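Peer 1: Sharing a structure with you now.
No value in this document is a laboratory result; all are computed from the given coordinates. Just so it is clear, the model here is predicted, and its values are computed rather than measured. Every residue, glycine as well, gets a Cβ built from its backbone with ideal geometry; the counts of neighbours run over all protein chains shown.
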Amino acid sequence: MKNQVFLAFALCFCVFSGSFAQKKEITVVIDPGHGGYDPGHLSASPFLKTEKELNLKISLFLGGYIEKYLQNVKVVYTRTTDVYPTLDERVSKANAINADYFISIHCNGNERNGVHGTESHVHAMSLAKSVALAREIEEQFSQRAGRKSRGVKDEKDLQHSIQVLKYTNMTGVLVECGFLTNEKEAQYLNTTIGQEVIASAIFRGFRAVIVKEFPSINFIRTTSVTPSQPETASVTPDKESFTIQIASSRDPIEPTDARFKNVKMEVRRIELNTMSAYKYIYTVGSYSSKNEAKSELPQIQSYGYKDAIIIKN
Ligand SMILES: [Zn+2]
């Protein structure tokens, strides 16, 4: 009798541990916040996109990078068009498929229009895996994407809980990609380059965390492209040269315009092939490495371009 009990226990244990050992693929749910009749935060200018539109763009870039540069990761979206799934539906979808990660993408707003920067929210600081992912994303925002990070916050900091984090069963983060009520940040988030830089920072944070958590799964695709490529618009040290973007505009401005007189360097204007309203960007300097550009960045910011960022030439 005793033996039977032991055998039953041993069988359960084998099945249980076996299901973990055999995990070959992980699932991430990407949740573009708001949608449909719910626009989310409105941008500083009515000519700029609303939060729901930017959330979707950044989410699709993020999912695209994961699908292109990683393997053994299944990407599931809560929406891919301008519709509004309820918060319950978003939570149920992630729980029903036993997702491993839940990443909700939002843009922030504040009644004071000077407030700017990124934030990553978790349900509670006691959730170590969620906090690790949030910290990694914020680290990427500040160290590699040149954004101001306002850090990781939980329900105590926010003084309210976030439904999609509270009720999802997996590692979960809600990323606030910047403040649309801050004109400069809204403009940045309206550029394709800005959306790509933000999405690739989240991508890099996610990649760093999954590689550590699932060492037995081979995530990095080695065929045709290298995983560093989505670091596009900003920040990978490589053979290509780098420059510093100081501004963007809807209509072309002459590089010799008085508005640039504080920059004691030659300003170049580049027309982007983009659907974004901010088609023109203005850059200064040319650097053979990202580090070289980085050492020059504070000087250029001191000319009055606090949001200047490093981009690939
Ligand atoms: Zn939102």
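Peer 1: Quick one: longest stretch of the chain between exposed loop chymotrypsin sites (Phe, Trp or Tyr not before Pro), exposed meaning at most 16 other C-beta atoms within 10 Å and loop per DSSP?
Peer 2: On the way: sites that count: TYR37, PHE47, TYR303.
Counting at most 16 other Cβ atoms within 10 Å as exposed, the longest clean stretch of the chain is 48-302.
Peer 1: Mind listing which GluC sites (Glu not before Pro) in region 33-126 are in a DSSP loop and have 11 or fewer other Cβ atoms within 10 Å?
Peer 2: Counting only loop positions with at most 11 other Cβ atoms within 10 Å, the GluC sites (Glu not before Pro) in region 33-126 are GLU111.
Peer 1: Here's a follow-up. Quick one: the Cα spread of region 25-213 along its three principal axes, in angstroms, biggest first?
Peer 2: Principal extents (Cα only, largest first): 42, 36, 35 Å.
Peer 1: As a check on your grasp of the helix formula, calculate [θ] at 222 nm for the chain: sum -39500 (n - 2.57) over DSSP H runs of n ≥ 4, divide by the residue count, round to the nearest 500.
Peer 2: -11500 deg cm²/dmol
Peer 1: Would you give the gap between the C-alpha center of region 240-272 and the C-alpha center of region 154-185, rounded to a whole Å?
Peer 2: Cα centroid of region 240-272 versus Cα centroid of region 154-185: 34 Å apart.
Peer 1: With just the Cα atoms defining each centre, how far is region 193-214 from region 38-117? Give it in Å.
Peer 2: 14
Peer 1: Moving to a separate point now. What pairs in LYS74/LYS129; LYS93/LYS166; LYS52/LYS148; LYS24/LYS93; LYS93/LYS279 have C-alpha atoms more than 26 Å from each other?
Peer 2: LYS93/LYS279
Peer 1: Still on this model: Starting from the Cα of LYS49, draw a straight line to each of the aspartates and glutamates and keep only those under 15 Å, dropping any in the same chain fewer than 8 residues away.
Peer 2: ASP38, ASP82, GLU183, GLU185
Peer 1: Oh, and also: DSSP loop (so not H, G, I, E, B), at most 16 other Cβ within 10 Å: list which trypsin sites (Lys or Arg not before Pro) in region 83-182 pass both filters.
Peer 2: On the way: sites: ARG90, LYS93, ARG112, LYS129, ARG135, ARG144, ARG147, LYS148, ARG150, LYS153, LYS156, LYS166; in loops: ARG112, ARG144, ARG147, LYS148.
Hits after loop and neighbour filter: ARG112, LYS148.
Peer 1: Relative contact order of the chain, please, whole-number percent, based on alpha carbon pairs below 8 angstrom and at least 6 residues apart.
Peer 2: RCO, the chain: 18 percent.
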